[in-house]
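Novice: My questions will all concern the structure given below.
Please treat every number below as a calculation from the coordinates, not as lab data. Note that the structure is predicted; figures quoted are calculated from it, not measured. Cβ coordinates were reconstructed from backbone atoms using ideal geometry, including for glycine residues, and neighbour counts include every protein chain displayed.
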Amino acid sequence: MYDVLIIGGGPGGYAAAIRAAQLGGSVGLIDASDLGGTCVNRGCIPSKIWMRAAYIKNMIEHSEEFGLKTAAPGLDLNALVNRKKEVGQGIRGGMTALLKKNKVEVITGRAVLKGSGEVAVDNKRYAAKNIIIATGSSISVPEIKGLKDALLTSDELFDLTDLPKTMLVLGDGPIEVELASLMVAFGTKTTLVIPGRRILPNEDHDTSLRLTLALQEQGLAIVNNSVVESVGKSENGFQAVVGDKALEADRILVAKRQPNTSNLGLEAAGIKTDENGFIAVNNKLETSAKGVYAIGDVTGGWMLSHAASAMAIAASENAMGGDSSFRSSLVPRGLWTSPEMAAVGLTEEEAEKAGYDVEVGDFPYPVNGLAMLRGQVDGGVKIISDAEHKEILGVHIVGAGATEIIGEAVMALQLECTAEELAHTMRLHPTFSECIMDSARDVEGWALYLPPK
């Protein structure tokens with residue numbers, strides 16, 4: 001019998017296995033395919049390799065601004081796909097070696113729960129004191145007439161060796177926005193079809209506006225308050241009916257995700273799900289079944305790999321007799337668009353809805369020295385603060401380096417830092433991180449490099 005048996009070998013399951021082993025547990029990790037899950041094989045890592053190529057391409061195209069004369073960059077997608085494969089193989093090899101060193105037994109196959117303390121894999125059964133479900137998510141294709149022939153999923157995108165000339169991207173979420181930005185950077189005429197009035201509806205309104213303006217300037221078309229009703233073939237590819245419009249495209253990209261819970265045996269184990277099929281958990285990551293925990297995409301929320309890893313630590317510690325909590329309010333979000341976007345904590349709208357007397361600081365990138373000298377002036381840093389206690393409630397960044405500097409914002413929220421404390425800190429100059437300090441000073445009403453309010 002295992003102390004902890006984990007179902008799923010993505011970032012969450014992998015981290016859970018190692019943490020439980022570190023605490024002295026006998027651990028089994030069940031995975032149906034390659035270790036690494038969506039993140040390593042089809043998501044985070046492949047997409048960031050492609051985004052890096054897009055960034056380098058953009059730098060070369062603007063190199064003359066810095067006195068460097070270069071030829072226009074060509075694009076070899078075969079090399080990019082090979083790099084994706086090599087990096088993924090390296091990460092999986094490292095994961096396999098670490099699991100072995102931590103004495104985690106890896107079991108290959110598809111798992112089915114047989115009650116709260118038993119799992120079947122093919123024809124063999126395994127018993128455990130505690131089980132952690134980390135089965136992740138998969139693509140959810142909408143039921144649209146004629147979509148099948150035009151369909152391209154985000155799982156398939158990073159294996160392309162020939163890019164479509166035109167593309168529709170369906171959805172307003174972070175994955176859709178990032179991939180639409182990527183396609184524009186590679187020269188594909190791209191239209192983002194969104195159901196609401198703005199992209200990233202769960203992010204701060206200023207974040208949405210800043211990123212929208214930047215992406216539209218780069219050539220991204222956005223059709224809002226719309227959905228694709230049907231798809232048909234045309235002379236040059238496909239034609240999508242969107243309200244009273246007919247939009248032409250070579251391919252239609254879908255990236256929406258759903259939890260991997262089918263045929264898992266949840267009902268037999270007494271595990272409840274919410275209205276969208278995600279496994280319901282508390283802040284200890286406990287499900288409705290005693291001794292069964294769930295982490296990562298399968299629980300919904302932001303559905304991010306770093307959130308899954310953080311949840312894994314708490315779940316494993318609890319499975320091994322600890323008392324750890326997962327603070328979902330500290331999950332940072334990020335996009336590797338150009339400019340980047342990152343955020344943590346409450347939006348201005350959420351803070352007001354929660355009853356806070358809100359104070360806001362906002363420092364634009366065009367005033368930042370590093371942004372000016374690099375020519376990366378799109379964006380700004382916005383801080384949401386509680387006027388009564390001065391505690392920082394949320395930080396929202398659009399701009400170069402956002403996905404790196406958001407880390408200090410996460411630390412600020414975790415330590416319940418005030419805007420005044422942040423305003424009196426120091427940063428290296430010139431750096432993008434100065435914008436966080438300057439935004440905090442704007443909250444306090446004394447931003448040195450902005451006109452008086």
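Novice: Mind putting a number on the dipole of segment 354-446 about its Cα centre? Charges go on the C-beta only, +1 for Lys and Arg and -1 for Asp and Glu, and I need it in Debye to the nearest 20.
Specialist: Working: 5 positive and 16 negative charges, 93 e Å.
It works out to roughly 440 debye.
Novice: Across bins of 10 angstrom width beginning at 0, how are the C-alpha pair distances of the chain distributed, in whole percent?
Specialist: Going from the shortest bin to the longest, the percentages are 4, 19, 26, 26, 19, 6, 0, 0.
Novice: Could you give the alpha-carbon Rg of segment 180-318 over 2.2 N^0.38 Å, rounded to two decimals? Don't skip to the end; give the middle numbers.
Specialist: Details: Rg = 19.9 Å, N = 139, 2.2 N^0.38 = 14.3 Å.
For segment 180-318, the normalised Cα radius of gyration comes out at 1.39.
Novice: Starting from the Cα-Cα distance between Ser138 and Leu373, subtract it from 0.36 nm times their residue separation and give me the gain in nm to one decimal.
Specialist: Details: separation 235, 0.36 × 235 = 84.60 nm, distance 4.20 nm.
Here the segment from Ser138 to Leu373 would lengthen by 80.4 nm.
Novice: Next question, about the same structure. Segment 295-348: D in µm²/s via Stokes-Einstein (Kirkwood Rh, Cα pairs, 10 °C, 1.306 mPa s)? Walk me through the numbers before you get to the answer.
Specialist: Working: Rh = 12.4 Å.
Value of D from the Cα-based Kirkwood radius: 129 µm²/s.
Novice: Okay, moving on. Do you know the relative contact order of the chain, to the nearest whole percent, from alpha carbon pairs under 8 angstrom that are 6+ apart?
Specialist: Working: 984 pairs, mean separation 65.6, N = 453.
The normalised contact order for the chain reaches 14 percent.
Novice: Let me ask you something else. In Å and from the alpha-carbon atoms only, list the Rg and Dmax of segment 132-201.
Specialist: Cα radius of gyration and Dmax of segment 132-201 are 13.4, 44 Å respectively.
Novice: Please work out whether segment 81-123 counts as rounded, prolate or oblate from its C-alpha gyration tensor, where a ≥ b ≥ c are the square roots of the eigenvalues and a/c under 1.5 means rounded, while otherwise a/b larger than b/c means prolate and anything else oblate?
Specialist: Cα axes put segment 81-123 in the oblate bin.
Novice: Charges on Cβ only, +1 for Lys and Arg, -1 for Asp and Glu, centred on the Cα centroid of the chain; of Thr153, Leu192, Ser230, which one is farthest towards the dipole's positive end?
Specialist: Thr153
Novice: Decide, for segment 1-60, between rounded, prolate and oblate: order the square roots of the alpha carbon gyration tensor eigenvalues as a ≥ b ≥ c, take rounded if a/c falls under 1.5, and otherwise choose prolate if a/b is larger than b/c, else oblate.
Specialist: Prolate is the answer for segment 1-60, as a/c is 1.5 or above and a/b outweighs b/c.
Novice: Determine, from the Cβ-Cβ distance of Thr161 and Lys245 and an R0 of 35 Å, the FRET efficiency 1/(1 + (r/R0)^6), rounded to the nearest 0.05.
Specialist: Numbers: r = 31 Å, r/R0 = 0.89.
It comes out at approximately 0.65.
Novice: In the chain, what % of DSSP beta bridges are antiparallel (nearest 5)? Before the final figure, lay out the partial values.
Specialist: Numbers: 43 of 75 bridges.
Around 55 percent antiparallel, to the nearest 5.
Novice: Taking Lys101 as the anchor, which lysines have their alpha carbon closer than 18 Å to its alpha carbon, excluding any fewer than eight residues away along the same chain?
Specialist: The reachable lysines, counting only those whose Cα sits under 18 Å from Lys101, number zero.
Novice: While we're here: Size of segment 203-273 along its principal axes in angstrom, Cα-based, largest extent first?
Specialist: Here the Cα extents, ordered largest to smallest, are 50, 39, 20 Å.
Novice: A further question on this structure: Simple spin-label model, 7 Å along Cα-to-Cβ: Ala268 to Glu217 in nm?
Specialist: Going from the Ala268 label point to the Glu217 one covers 5.8 nm.
Novice: Along the positive direction of the dipole of the chain (beta-carbon charges: Lys, Arg +1; Asp, Glu -1; about the Cα centre), which of Cys417, Trp446, Tyr14 reaches farthest?
Specialist: Comparing the listed Cα positions along the dipole, Tyr14 ranks first.
Novice: Past 30 Å, Cα to Cα: identify those pairs from Lys189/Lys353; Lys165/Lys245; Lys48/Lys114, in the order given.
Specialist: On the way: Lys189/Lys353 39 Å; Lys165/Lys245 20 Å; Lys48/Lys114 38 Å.
The answer is Lys189/Lys353; Lys48/Lys114.
Novice: How much length is gained on full extension from Ala280 to Lys233, taking 0.36 nm per residue of separation minus their Cα-Cα distance?
Specialist: Details: separation 47, 0.36 × 47 = 16.92 nm, distance 4.17 nm.
That pair, Ala280 and Lys233, stretches by 12.7 nm at full extension.
Novice: Compute the FRET efficiency between Leu98 and Lys48 as 1/(1 + (r/R0)^6), taking r as their Cβ-Cβ distance and R0 = 22 Å, and round to the nearest 0.05. Intermediate results must be reported in sequence, preceding the final value.
Specialist: Numbers: r = 21 Å, r/R0 = 0.96.
Efficiency, rounded to the nearest 0.05: 0.55.
Novice: Rounded to the nearest 20 Debye, what is the dipole magnitude of segment 150-287 about its Cα centre when Lys and Arg each give +1 and Asp and Glu each give -1 at the C-beta?
Specialist: Details: 12 positive and 20 negative charges, 26 e Å.
Value, rounded to 20: 120 debye.
Novice: Where a ≥ b ≥ c are the square roots of the eigenvalues of the C-alpha gyration tensor, would you call segment 310-423 rounded, which needs a/c under 1.5, or, failing that, prolate if a/b is larger than b/c, or oblate? Don't jump to the answer; show the numbers that get you there.
Specialist: On the way: a/c = 2.44, a/b = 1.45, b/c = 1.68.
Oblate is the answer for segment 310-423, as a/c is 1.5 or above yet b/c matches or exceeds a/b.
Novice: What size of dipole, in debye to the nearest 20, comes out for the chain about its Cα centre when the only charges are +1 on Lys and Arg C-beta atoms and -1 on Asp and Glu C-beta atoms?
Specialist: Working: 42 positive and 57 negative charges, 373 e Å.
Roughly 1800 debye, rounded to the nearest 20.
Novice: Still on this structure: So what's the projected area for segment 1-154, the Cα convex hull averaged over all directions, in nm²? Spell out each step's value before the answer.
Specialist: Values: hull surface 55.8 nm².
Over all viewing directions, segment 1-154 projects a mean Cα-hull area of 14.0 nm².
Novice: Hey, could you pull the Cα Rg and Dmax for segment 371-453, both in Å?
Specialist: Final numbers for Rg and Dmax: 12.2, 38 Å.
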